[in-house]
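Take a look at the structure below.
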Amino acid sequence: MNVLVLQMFLISAEVSGNITEAVRNHTGKEPERMNRLRKIFKNMKYRHKLTIFLVVTSLVPMTVLAWYSHSRLSTMVRSSELEDMQSIMEQTRESIDSQTAVYASLLNYLTYSPDIEEIIKEKNIDNYTAYEKYTEIADPLLSVPKSYHDAINRIQLFADSIQVEHEYTLVPLDKMKEEWWSEGLKDDVRIQWKVDQDRKEVAAVRMIYNDQKLDAVLCISLDYNKIFQPLTNILTQENGGIVADKNGTVLYNKTGLTNLEFDKSEKMDSMIQKISQSCAYTKTKSEENDWVFYLYKSQDAISGSVRRLLLEEIPLIAACGLIILFLAMAFSRIFTRKIEELTKNMDRVNHGSREVTVNSDSGDEVGILVNSFRNMMDEINRLIDEVYVNKIALKEYELKALQAQINPHFLYNTLSMMNWMAIRSNQMEISKVTLALSTFYRTALSKGEDVVTVENCIQNMEAYLEIQLTMHDHNFSVDWDIDPTIKNEKMPKLLLQPVVENAIEHGLDEKEDGDKKIFLSFKGKGDDVEITVRDNGLGMEQEKAETLVTYQAKGYGLKNVNDRIRLLYGENYGIHIFSSPDEGTTVIMKFPKEGRENEE
């Protein structure tokens, strides 16, 4: 199918290229090129014509529908972005309002506090009595709120009754003009909010009158950054925020957009005009004071959301296109099904298969072609069976005859002669090794049998270890623990030798100090036989040890042993490795007893 799809696109591309070239060329060759296009389309396979027609007629309305849907969704996304901005702005404004409401309540409480009223009214009081009363009454009242509200910098009472300034909390009324927030104060008993961006300070001021005469002023100075922290938290590199009073004076301005720059003295109307050129914005008014909050976001960021929406739509559009293509190909394939089956059969034959699965009982041209191919393959198969298979059988017979010439008795007789020569020369060590080597090969070859007894395996290992001890100058010892009841159990041969060889080569040989030991255990565990090989060599991390049964070594390694046991007895059997650095390695091999294996 993939080949046919590729052919279809190549043909359609060629047609498209030829049409484009024909349109661009307005010379006398145009009729000739049009005739060429007609000829190409006329000679195109009917299945390709039908597929192209179905794809084009389906893609055109789908493209129109996708464009309309995207336009509608883009509008909805932009509206949703503005609604989200408005919602975030409302939540931020409520958070700031809740803060200012707390400080307004605190200011109201202090204004109507009897202790504060007493300080304001007692004008003729000596300095000692005033200091004592200020310390006992005013200091706790004006200082304690700071410990509960970290945004409060200080609370000050400016009163006409105060003659001497008491720390920073009680100040004579005539010194109020020295404060930055005193400029522009109105004769109003309501709370007035003042903001200074340079000082990073916000002031809540309450004026107290007595018979229309200014008697005192209460002021709570607040941390600018903490008051506007909720607004700062929602700002990113794609948006910005502004807070202004009802006169258009900017109280707070922060933006992450690099293409927007405002002057410090710039009014709100001018800033909004600049923002409108490249951003969308929303605003809300505070319910606690006359502040107006603005949140704006760049049009590029909003367009980015639309682009992300388009990227999310592309896989769906592509999937629809693939579905259309698949349906078009499936529909057109109905008319060419038998030919495609025949093509697949021929391809399988080309890759070595000789089985013919296509059938046809029709008498048309396709049926004749299918039956002729089947008859041809039957004849080819007959010739292959007659010539090729017979030659392979002959080669196998020749190989078996060659193997039969390799007589293991020749090896045993040679080793026996070497043993006799060593004894005659009084070389008992050589004689001992020669006998061990003879035993090793006799038990390893085991007359060509693949399955041997546990006792045969033990004899094989005794001979192998005798040779290894001689090679290593007896620098290690071997401990045996053999359960005599399992000696006659059957097991695959040559399973244990790679494990013991690993223990010597990678365990004991790399150990420099201390005694070197190998422990071999042959035990019956219920219905299973368990063989343990343990060394006191260098060891390794457990994670590395577990990889030994999955790592394919150059020779016949632990992975081959494990795979062989599992193939013979199932996934519940095999070898397990336990190791730790400087404590040695233990390999446990488990396989079922002969009786249990027969039961299974």
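The values are calculated or read from the model by the stated rules, or taken from the named source; none is laboratory data. Bear in mind the structure is a predicted one, so any value in this text is a computation, not a measurement. For neighbour counting, all protein chains shown are included, and Cβ atoms are generated from backbone atoms with ideal geometry for every residue, glycine included. Each accessible area value is taken on the protein alone, full model and side chains, heavy atoms only, with ligands, DNA and RNA left out. Shrake-Rupley method; radii C 1.70, N 1.55, O 1.52, S 1.80 Å.
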Tensor-based shape of the range 209-275 (alpha-carbon gyration tensor, a/c under 1.5 rounded, otherwise prolate or oblate): oblate
Chymotrypsin sites (Phe, Trp or Tyr not before Pro) lying in DSSP loop within the range 520-582, provided at most 13 other Cβ fall within 10 Å: 551, 556
Rounded to 10°, Cα long-axis angle of helix 30-43 versus longest principal axis of the chain: 60 degrees
Overall form of the range 208-341 per C-alpha gyration tensor (a/c, 1.5; a/b vs b/c): prolate
Solvent-accessible heavy-atom area per residue, rounded to whole Å², over the chain at 1.4 Å: 61 Å²
Positive-end residue of 345, 40, 82, charge dipole of the chain with Cβ unit charges: 40
Entries in 175/246; 175/213; 493/590; 493/593 that, when Cα-Cα distance is taken, lie over 25 Å: 175/246
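What ranking do 109-121, 32-44 get when scored by the average of other Cβ atoms within 10 Å per residue, highest first?
Going from most to least packed, we get 109-121, 32-44.
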Nearest 10 degrees, 0 to 90: helix 139-148 Cα axis against the chain principal axis: 20 degrees
Relative frequency of Cα-Cα separations exceeding 20 Å in the range 467-532, percent: 37 percent
Accessible carbon and sulfur surface of the range 71-147 relative to its total accessible area, %, 1.4 Å: 54 percent
Global geometry of the range 109-200, whether rounded, prolate or oblate, following the gyration tensor of its Cα atoms and the 1.5 cut on a/c: prolate
Rg over Rh, two decimals, the chain (C-alpha only, Kirkwood Rh): 1.30
Computed FRET value (nearest 0.05) for residue 86 with residue 200, which takes r as the C-beta separation and R₀ as 35 Å: 0.80
Size of electric dipole in the range 78-127: Cβ of Lys, Arg +1 and of Asp, Glu -1, about Cα centre, debye, nearest 20: 120 debye
Within the range 220-295, GluC sites (Glu not before Pro) in DSSP loop having at most 13 other beta-carbon neighbours inside 10 Å: 261, 287
Selection from 494, 476, 322, by position along the positive dipole direction of the chain (Cβ): 322
At R0 = 41 Å, FRET efficiency that the Cβ-Cβ distance of residue 348 and residue 563 yields, to 0.05: 0.85
Inter-part distance where the range 249-263 and the range 561-584 are each reduced to a Cα centre, Å: 70 Å
Most to least packed among 275-283, 74-82, 582-590 [average Cβ atoms within 10 Å]: 582-590, 275-283, 74-82
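If you put +1 on each Lys and Arg Cβ and -1 on each Asp and Glu Cβ, how big is the dipole of the chain around its Cα centre, in Debye rounded to 20?
I would put it at about 4060 debye.
Determine one quarter of the surface area of the Cα convex hull of the range 424-560, which equals its mean projected area, and express it in nm² to one decimal. Walk me through the intermediate numbers first.
On the way: hull surface 41.9 nm².
Mean orientational projected area (the range 424-560, Cα hull): 10.5 nm².
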Most positive-pole-ward Cα, 156, 427, 578, against dipole of the chain from beta carbon charges: 427
Carbon plus sulfur fraction of accessible area for the range 474-600, probe 1.4 Å, in percent: 45 percent
Qualifying trypsin sites (Lys or Arg not before Pro) for the range 322-392 [loop in DSSP, other Cβ within 10 Å: at most 16]: 354
Charge dipole (debye, nearest 20) of the range 155-220; +1 at Cβ of Lys and Arg, -1 at Cβ of Asp and Glu: 240 debye
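Measure off, as a whole percent, the carbon and sulfur share of the 1.4 Å-probe accessible area of the range 174-239, all protein chains present.
Values: 1430 of 3650 Å².
Result for the range 174-239: 39 percent of the exposed heavy-atom area is carbon or sulfur.
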